[in-house]
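Q: To start, I am sharing the structure in question, which I have written as structure tokens.
Please treat every number below as a calculation from the coordinates, not as lab data. Remember, predicted model here, so these are calculated numbers, not experimental data. Cβ placement follows ideal geometry from the backbone for every residue including glycine, while neighbour counts extend to all protein chains displayed.
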Amino acid sequence: MEINLSFDIAATIMITILLISWVMRKMTGGTTNRMFLRFVFINLIAVLFDIWAATLDNVGSQSITALYFAHSGFLIVYNFVTLMYVLFVVSLTDTWHKIKKNFFILFVLGAPFLTVLAALVTNPLTKKMFLVSGGYRHGEWFPLIYAQIAVYIVFVIAYMIYYRELMELARFCAAVAYIPIGVIAWLIQMAAPENHVQMFGSAVSMVLVSIAAQKPEEIVDSDTQFMKYRAYAADMKRNYYNKKNVDVVMLNLGNFSVINALMGYDFAMQILGDTVKRIRQVNMISGGRADLYYLDRGRFRMVFHEKDRALAEEAAESLVASLMEKRDFNDLDITLQPFVVLARCPEEIKDFKMLMTFGMDFHEKVKFEARVMHVNEVFHKGLFEIQGNIDEIIEEALEFKRFQVYYQPIYSIEKKKFISAEALLRLFDPTYGFISPEILVTAAERSGAIHRIGDYVLEEVCRFITEGEFHSLGLEYIEVNLSVTQCMRVNLADKILGIMAKHRVPTECINLEITETAASHTQEVMAENLQKLNRAGISLSLDDYGTGYSNIKRVIQLPLKIVKLDKTFVDEQDNPKMRVVLKNTVAMLKDMDMEIVVEGIETQEMLDFFAELQCDFIQGYFFSKPVPKPEFVSFIKSYT
Ligand code: C2E
Ligand code: MG
Ligand code: MG
């Protein structure tokens, strides 16, 4: 029987290209990558042995020694290949430390491997695995190899199902694909033994793993050569799941985004490059033990594993020292704010989600100090826990109808009565108590829950308006807040008009508040939404005037009826310069035919001052805090 070597040759070429491409793409770091490379390499050796053995068979070699060497070589290396595959799967879940301690699993993995190895090594004496004299033939013990493979297949499938949460779907599929492809290749080879397709099958699966599971572009950031956010998230999730203790040195460059916006991409890249260099140096000094990540927008992470935790503190300190050195870029003396936090996980940050929430913006929560900070210093514990669990808190609040709408009265100076109110979101969580709407809204904007919350608030307000008492109380409309993301929802206008139509609420009974920042970032969708709502008769207010980025041009393009002067204006009305600003601001807005609401009025004195400036409406604790509907109704009644 002449053996067809084409498949083995094709496999050799494929595996070699795979190896070269991995080295060229610098995919040689990290446990999984190294494991995969070893696996590919050992496959290459197996193919070469297979080619050698088949060639000897084809030429009818009489050298028994050479035949034994070649065939034993192939089978022994192939025995390693199967074990390596199992270890590769284990490395995907990063659970080797657990296996090490589990005698049963060690036995399940080790016994078949050692049995087959022993049988192969002693084969020249026993001749039970295969025979070579008079042509290669399987011996009676050869099925041991099938048995070993069967045990490994069962193990791998069970293991992957057990740890499926630790693997991304693509990785999971690619790693599992190795099994059916391998089995098909074995079957073909058994049916047509002259075709050596088995190693070709292996090569195909490895290419699949390489393409689907190990895309370097997804793991390694091209600017920094550090691993990306995705890899960080996956690795840290695994660490928490596997209860591995790690120390994370978190570096957020506080003013990176500003520098990027002001100085441009190239300049920001220089800063990034310099920072990368310094992180590498620091890591080198501590023995190169940390895994390095670049998440985005000037956020870096060094992760020290269990056995290297002692190095983390020192590394964090060296990092601060290094980054605080004076640095010149293009002769510009740039002061960076390297916020460095050392987080011991899971002692200080108890779950994965919290870690990610914390890392996102801890630098915005504290004043900059050139030293290593600890988690507890940066975050008020309660708030921190709320932030870490905010998505669940919101989902539960929606599910169990925990959200409430409070009303804060708005007083008309001209009519000398309350003509309106602002609807404000409230949540009293059973575990965490009162949670500020600002935290809720920011988180809900990120998760997308803001739309459901927004719909809920509007429905509540509509119900209030149609309940009968509303008009008899002398109320004309209710102000409802819209966040930036809400304004950008494609069908926002239809949604709002739909809810109002359902409740038969006339459009003049609702006023929508958008913040100055939102208005300045006007996107086309938002402008269309607001125009459409306005055409339908809904009036719009500009909220928090004076605090956001004013883009006057954009602001005046929007169909705004009311401007709400922010509380910060009010708080400074003692300052003579502020008085000038206020006087002229009010005059300017009046000239533009805008109505003015002053927010945050707490004293009679403040009220008098703004009344004198001819502002139209007053809102603030002076009259009432935001209160639940029944109290609000009683309050208004007590005034009429
Ligand atoms: P905002 O729209 O500017 O609401 C005014 C905030 O000022 C309210 O805070 C109110 O309680 C507070 N306030 C009113 N008068 C006084 C005063 O005299 N003194 C002081 N110190 N504070 C006063 P609150 O309820 O905590 O809301 C904060 C922000 O959360 C709101 O600012 C608004 O941007 C957002 N928000 C609240 N409810 C909703 C909602 O239903 N949807 C959306 N998208 N955002 C909401
Ligand atoms: Mg408001
Ligand atoms: Mg406001």
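Q: Helix 31-58: angle to the longest alpha-carbon principal axis of the chain, degrees 0 to 90, nearest 10?
A: Around 30 degrees separate the two axes.
Q: Report the Cα centroid-to-centroid distance between the range 614-640 and the range 462-485 in angstrom, as an integer.
A: 13
Q: Counting other beta carbons within 10 Å of each Cβ, put 367, 350, 307, 127 in order, fewest first.
A: On the way: 367 6, 350 13, 307 9, 127 16.
Listed from fewest to most nearby Cβ atoms, that is 367, 307, 350, 127.
Q: On a straight-distance basis, which aspartates and glutamates could pair with residue 495 in a cross-link, Cα separation under 15 angstrom, same-chain partners fewer than 8 positions away excluded?
A: Correct list for residue 495: 455, 459, 460, 528.
Q: Can you give the alpha-carbon Rg of the range 489-624 over 2.2 N^0.38 Å, where N counts its residues? Kindly include the intermediate steps, with their values, before the conclusion.
A: Values: Rg = 16.0 Å, N = 136, 2.2 N^0.38 = 14.2 Å.
Against the compact-globule rule of thumb, the ratio is 1.12.
Q: While we're looking at this one, here's another question. Among 345, 51, 33, flag the residue with its Cα farthest along the positive direction of the charge dipole of the chain, charges on Cβ as +1 for Lys/Arg and -1 for Asp/Glu.
A: Of the listed residues, the answer is 51.
Q: Seen from all sides and averaged, what is the projected area of the convex hull of the Cα atoms in the range 19-102, in nm²? Display every interim value, and only then the final one.
A: On the way: hull surface 28.2 nm².
Average of the hull's projected areas for the range 19-102 equals 7.1 nm².
Q: How far is helix 229-241 tilted off the main Cα axis of the chain, in degrees rounded to 10, range 0 to 90?
A: Approximately 80 degrees, to the nearest 10.
Q: What's the percent breakdown of Cα-Cα distances in the chain across 20 Å bins, shortest bin first?
A: P(r) for the chain, in whole percents per bin: 15, 34, 28, 16, 6, 1.
Q: Can you compute the helix-only [θ] at 222 nm over the chain? Use -39500 (n - 2.57) per DSSP H run of at least 4 residues, normalise by all residues, nearest 500 deg cm²/dmol.
A: Details: 29 runs with 370 residues, N = 640.
Taking each H run of at least 4 residues, the total per residue is -18000 deg cm²/dmol.
Q: For the chain, take the longest principal axis of its alpha carbons; what is the angle in degrees between that and the long axis of helix 64-93, to the nearest 10 within 0 to 90?
A: Taking the Cα atoms of the chain, the angle to 64-93 is about 20 degrees.
Q: Additional query: What order do you get for 269, 199 when you list them from fewest to most C-beta neighbours inside 10 Å? Walk me through the numbers on the way to the answer.
A: Details: 269 13, 199 28.
The order, fewest Cβ neighbours first, is 269, 199.
Q: Under 18 Å from the Cα of residue 367, which lysines turn up, not counting those fewer than eight places away in the same chain?
A: Partners found: 381.
Q: DSSP beta bridges in the chain, what fraction antiparallel, as a percent rounded to 5? Don't skip to the end; give the middle numbers.
A: Details: 42 of 70 bridges.
Counting only bridges with both partners in the chain, antiparallel ones make up about 60 percent.
Q: To continue, here is another question. What is the gain in length, in nm to one decimal, between residue 587 and residue 122 on full extension, counting 0.36 nm per residue of separation less the C-alpha to C-alpha distance?
A: Working it through step by step, the gained length comes to 157.4 nm.
Q: Using the count of nearby Cβ atoms within 10 Å as a rough guide to exposure, how do 446, 301, 278 rank from fewest to most?
A: Starting with the residue having the fewest Cβ neighbours, the order is 446, 278, 301.
Q: So, one more: Under 17 Å between alpha carbons, and skipping anything fewer than 8 positions from residue 98 in its own chain: which lysines qualify?
A: Reachable lysines: 237, 243, 244, 307.
Q: Sort out the exposed loop chymotrypsin sites (Phe, Trp or Tyr not before Pro) in the chain (DSSP loop, at most 10 other Cβ within 10 Å) and tell me the longest stretch that has none.
A: Values: sites that count: 400, 549.
The segment 1-399 is the longest one with no such site.
Q: Apply 1/(1 + (r/R0)^6) to the Cβ-Cβ distance of residue 383 and residue 572, taking R0 = 25 Å, and write down the FRET efficiency to the nearest 0.05. Please report the intermediate quantities before stating the final value.
A: On the way: r = 27 Å, r/R0 = 1.09.
Between residue 383 and residue 572 the formula returns 0.35.
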